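The values are calculated or read from the model by the stated rules, or taken from the named source; none is laboratory data. For clarity, every value in this text was computed on a predicted model and none was experimentally measured. Cβ coordinates were reconstructed from backbone atoms using ideal geometry, including for glycine residues, and neighbour counts include every protein chain displayed.
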Amino acid sequence: MTHSPQPVTITSSWVRIASVEALQGERPVIPVTAFGQALVLFRDEEGELGLIGRYCPHRGADLCYGRHENNGLRCPFHGWHFDRSGQCTEQPAEPEDSKMYKMIRLPSFTVVERDGAIYAQDAGALPAAT
Amino acid sequence: MISQQLNDLITRIGPDTAAGAVHRKYWQPAALTDELPDAVAGEPPMLPVNLLGERLVLIRDAAGALSLATREAAADEPPAHHPARADIKLVAGGPTYPVVEKNGICFAYLGGGDAPAFPNFDCFRAPESHVFAFKGLWQCNWLQALEIGIDPGHASFLHRFLQDEDPSDGYGKQFRDKAANTDMPITQVLREYPRPEIKVEETDFGLKITALRHMDGDLTHVRVTNQIFPSAICIPMSREMIITQWHVPIDDENCYWYTMFTSFQNPVDKAVMRAQRLKEHSLPTYAPLKNRANNYHYDPAEQKSLTYTGMGLDINVHDQWAVEGMGPIQDRTREHLGRGDAAIIRYRRMLRKAIKELETGQAERLPMQDRQATSQLVGPLSNDAITGSEDWLAASLAADQERRSAAPWDAHI
């Protein structure tokens, strides 16, 4: 969902959100503001990019300080873990039998890398298939 | 998730707000006794105080009596503004409020009419030698600051140490002692058992919150903490000390924590406790040196190897990051509370009930408004215990009783 395997033509509907270089440090996690939203951009352990909501949907902690682990980002407040699609995959403080995490998903956006830059597109803004 | 309208109702505390009216029915920490300057050239000591959206001055008159008066302030004054003595101008005929000093904190009552009684809690009835008070600035609304204190689950994550320190180095710090009567550091219990079973009961003063961590070997860790209405908590710090902490609004988007560290058996080493905390704060505003502007000294390498946050070993900084990161007023229209948030949900219900009762002229129905009954309130029990018994309640009471009976002051409950 985040990294298109097909060549993509960058048109005006794509927004440049960062340079590829910005994610080349020890910790590939940076804040991004795009589409009127506070977001966090990161590269997971599979090398794929995720662009998801910046604030934990639990109680609003800032995922830019999230633990970069388990192929995603983990909120330091209560350990909620998110993958690059924004899907919550674990809620380790909730009771063992809780399935609440399945219902929790952060907003996420399609991301591509082109010529040293990272572009994002609002999935909702994609033209209808013809 | 709640509506924007409800979020506004329960967070905003200015002079003409519903939640502000609730706060004003209670004694509020206004300043540390340590902050009061000495009289200069016969002029009475004056200390700027910013409380509940009001711009005030704490004055000690020639006879030693304390009171709060209103001072002139520009509309764009910074929230924790601290004008010099020469720049303080009182508002002639402005509101004044009564102040009572208790074990290092000057409490003010802004509610008009008769002030309520002080409960006979440990922090108030212990002798001055056994209580140390300090404060710190958090740049966010008071409610998110309070809510982290009634959330027993977060300590297993936010305050997780990936390696344990030697508990004998932990004097005066939270979560550094051994757990109850075991050799296990409390940090290890929190780390290994992250899904506490949480029980919440309403009490005469607020809420009793019990977090049960069911451990290997049929042991149960029982941690009892409390919400004291409207803005305080009372929690264990070590086997020797408890913490009573208020989250006092400066305005809608800033608050001070005021803490009374209360020791049962031995007098508090105030010089050590003060030095530990002065090292982390800048006076006169008591703003923490680690803050949003310097990313709380966040270190990604430390986050991988030593602490869950990468922000050092001081757990106050972790809490500060969590609550300030939510923004000036947490947007609760986007929150998703879980079962671990049981006490938060219960507290908001209490606050809404109090708002309703005040609006319908039933102030006497709010917690701790009856003078006679409130002055009889003792405790509350705040304790960590580990037991092999199924009767964890009895074990919790017995462990608490042990340190209370060792206290040289009347700590009975």
Some residue of the stretch B:65-74 being small (Gly, Ala, Ser), within 14 Å of another protein chain (Cβ to nearest Cβ) and not in a strand (DSSP E or B): no
Tally of residues being outside any helix (DSSP H, G or I) and either free of Cβ contacts under 8 Å to residues at least 60 places away in the same chain or of a type in the set (Asp, Glu) (or both) across the stretch B:390-413: 5
Residue in the stretch B:278-298 that is of a type in the set (Val, Ile, Thr), surrounded by fewer than 22 Cβ atoms within 10 Å (Cβ to Cβ) and modelled with pLDDT of 95 or more present: yes
Tally of residues being among the hydrophobic types (A, V, I, L, M, F, W, C) and either within 19 Å of A:Ala18 (Cβ to Cβ) or surrounded by fewer than 22 Cβ atoms within 10 Å (Cβ to Cβ) (or both) across the stretch A:44-63: 4
Residues that are of a type in the set (Ser, Thr, Tyr) and within 7 Å of chain B (Cβ to nearest Cβ), drawn from the stretch A:74-91: none
Qualifying positions in the stretch B:328-372 - more than 14 Å from chain A (Cβ to nearest Cβ), of a type in the set (Gly, Ala, Ser) and within 23 Å of the chain's Cα centre (by Cα): B:Ala354
Looking only at the stretch B:34-52, and only at residues there that are modelled with pLDDT of 90 or more and part of a loop (DSSP other than H, G, I, E, B), the one that is surrounded by the fewest Cβ atoms within 10 Å (Cβ to Cβ): B:Leu36
Options B:Ala145, B:Ala126, B:Ala155; residue that is at negative phi, of a type in the set (Gly, Ala, Ser), crowded, with 20+ Cβ neighbours inside 10 Å and away from every other protein chain (no Cβ under 13 Å): B:Ala126
Index of the failed condition, B:Glu192 passing every other in (1) surrounded by fewer than 19 Cβ atoms within 10 Å (Cβ to Cβ); (2) away from chain A (no Cβ under 14 Å): (2)
B:Ala19 being of a type in the set (A, V, I, L, M) and on the phi > 0 side of the Ramachandran plot: no
Residue within the stretch B:239-246 that is closer than 22 Å to B:Ala21 by Cβ, crowded, with 24+ Cβ neighbours inside 10 Å, assigned by TED's automatic domain parsing to the domain that holds B:Gly379 and not aromatic (Phe, Trp, Tyr) present: no
All positions within the stretch B:11-46 that are farther than 16 Å from B:Gly113 by Cβ, touching a residue at least 60 places away in the same chain (Cβ under 8 Å) and not acidic (Asp, Glu): B:Thr11, B:Arg12, B:Ile13, B:Gly14, B:Ala18, B:Ala19, B:Pro29, B:Ala30, B:Ala31, B:Leu32, B:Thr33, B:Leu36
Residue that is farthest from A:Lys99 (Cα to Cα) [pool: residues in the stretch A:64-73 that are more than 9 Å from chain B (Cβ to nearest Cβ) and crowded, with 22+ Cβ neighbours inside 10 Å]: A:Gly66
So B:Ile198, is it closer than 20 Å to B:Ala342 by Cβ, within 14 Å of another protein chain (Cβ to nearest Cβ) and in a helix (DSSP H, G or I): no
One residue from A:Gly53, A:Gly79, A:Gly66 being without any contact (Cβ under 8 Å) to a residue 60 or more places away in the chain, small (Gly, Ala, Ser) and on the phi > 0 side of the Ramachandran plot: A:Gly79
Single condition B:Lys290 does not satisfy, out of (1) in a loop (DSSP other than H, G, I, E, B); (2) within 14 Å of another protein chain (Cβ to nearest Cβ); (3) more than 20 Å from the chain's Cα centre (by Cα): (3)
One residue from A:Gly60, A:Gly79 being of a type in the set (Gly, Ala, Ser), closer than 23 Å to B:Phe161 by Cα, touching a strand residue (DSSP E or B) at 6+ places or on another chain (Cβ under 8 Å) and assigned to a loop (DSSP other than H, G, I, E, B): A:Gly79
Scan of the stretch B:78-94 for residues that are more than 25 Å from the chain's Cα centre (by Cα) and loosely packed, with under 13 Cβ neighbours inside 10 Å, ordered by number: B:Ala84, B:Ala86, B:Asp87, B:Lys89, B:Ala92, B:Gly93
Boolean, B:Arg332 is surrounded by fewer than 21 Cβ atoms within 10 Å (Cβ to Cβ) and either in the same structural domain as B:Leu190 (by TED's automatic domain parsing) or closer than 24 Å to B:Val22 by Cβ (or both): no
Selection within the stretch B:113-152 - assigned to a loop (DSSP other than H, G, I, E, B) and of a type in the set (A, V, I, L, M): B:Ala115, B:Ala117, B:Ala126, B:Ile150
Matching entry among B:Met311, B:Met326 (being free of Cβ contacts under 8 Å to residues at least 40 places away in the same chain, surrounded by 22 or more Cβ atoms within 10 Å (Cβ to Cβ) and part of a loop (DSSP other than H, G, I, E, B)): B:Met311
Every residue from the stretch B:304-327 that is more than 8 Å from chain A (Cβ to nearest Cβ) and of a type in the set (Val, Ile, Thr): B:Thr307, B:Ile315, B:Val317, B:Val323
